[in-house]
Amino acid sequence: MFTHLRRGRQDHQSVHFTPAACEKWRLGLAVLPLALILTGCAGRNMPPQSYIGRYHIEEPKADAYRVCSVVNCDENSRLKLSADERQQLHAVFEPAAVDAVQERKQVAAAVALLERINGAKNNTAGDEARNHGTFASSPQLDCIAETINTTVALLLMQREGLLHFHHTGYPGHRGPLQLLGPHNTAVMVENDNGQEYAVDSWFFANGVEPVVVPLAEWRAGYDPDKDPNRLNAAAAAVEPGPQPVAEPENMPAR
């Protein structure tokens, strides 16, 4: 059982640019890079709850949390974990990680698990990789919805006491400042050194483990389809093994 909440939409109005308005627009473009820098710096000091709160998503608890169910998080679903599902989540972190590297792998597996659990309940199980299904009738999530849902997952893990080497960070953004298309990601922060990691579930379909890479690398344009380590690992997984050598036929006795 779940409930949907739809965000309000504003009607689009036509805008006519006068010369004075165009001059203001050009001035806005000139200061945009500085604004983006200041926004990014400020984001590091803001709690992730302030980001998801813009989309009417509250602090998650196992027995009551919301996740996005459509692009741009225009609708969200109120869900809860059953006792069995909560046990499955905790099982991902058993045995407990011995270091931050191992915990990041557990987090990736837990995000995928929660996507499968949520998708079966709010009709997002058919979410495709990237935005491949955005303009189709299939349930599809864009990077905004994915960022919010993964942030909710991280906060839920944190509340459940499953994170010992990390905490949930404020979501990251990349775009014009990096000469890239706009994109967002959830973030977790390593406790000991403050290293930020992107936890990006947008690249893959529902239930597939997300990308977890240093946020600086992600901001520079990281794409798993161009990651040589991932490509080599994928190639090795499908490479056929050594073929058995045929035994020579018995030669007739002379």
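The values are calculated or read from the model by the stated rules, or taken from the named source; none is laboratory data. On a predicted model such as this, the values are computed, not experimentally measured, just so you know. We place every Cβ from the backbone using ideal geometry, glycine too, and count neighbours over all the protein chains shown. Remember, those area values only see protein heavy atoms, side chains included, never the ligands or the DNA or RNA. Shrake-Rupley method; radii C 1.70, N 1.55, O 1.52, S 1.80 Å.
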Tell me, yes or no, whether segment 130-145 has at least one residue that is buried (at least 22 other Cβ atoms within 10 Å of the Cβ) and within 22 Å of residue 46 (Cα to Cα). yes
Looking at residue 101 and the list (1) crowded, with 22+ Cβ neighbours inside 10 Å; (2) among the β-branched types (Val, Ile, Thr); (3) part of a helix (DSSP H, G or I); (4) without any contact (Cβ under 8 Å) to a residue 60 or more places away in the chain, which single condition is not satisfied? (1)
Residue in segment 55-69 that is assigned to a helix (DSSP H, G or I), touching a residue at least 40 places away in the same chain (Cβ under 8 Å), of a type outside the set (A, V, I, L, M) and surrounded by 15 or more Cβ atoms within 10 Å (Cβ to Cβ) present: no
Could you list, in sequence order, all residues of segment 109-129 that are buried (at least 21 other Cβ atoms within 10 Å of the Cβ), out of contact with any Gly (no Cβ under 6 Å at 6 or more places or on another chain) and among the acidic types (Asp, Glu)? 127
Checked against (1) outside any loop (DSSP other than H, G, I, E, B); (2) touching a residue at least 40 places away in the same chain (Cβ under 8 Å); (3) open to solvent by 60 Å² or more (accessible area, probe 1.4 Å), residue 185 satisfies every condition except (3)
Filter pass, residue 173 being open to solvent by 30 Å² or more (accessible area, probe 1.4 Å), closer than 23 Å to residue 92 by Cβ and modelled with pLDDT of 95 or more: no
For segment 70-85, enumerate the residues that are free of Cβ contacts under 8 Å to residues at least 60 places away in the same chain and either charged (D, E, K, R) or farther than 19 Å from residue 159 by Cβ (or both). 80, 84, 85
Which number in (1) within 11 Å of residue 70 (Cα to Cα); (2) at pLDDT 95 or above; (3) assigned to a loop (DSSP other than H, G, I, E, B) marks the one condition that residue 145 misses? (3)
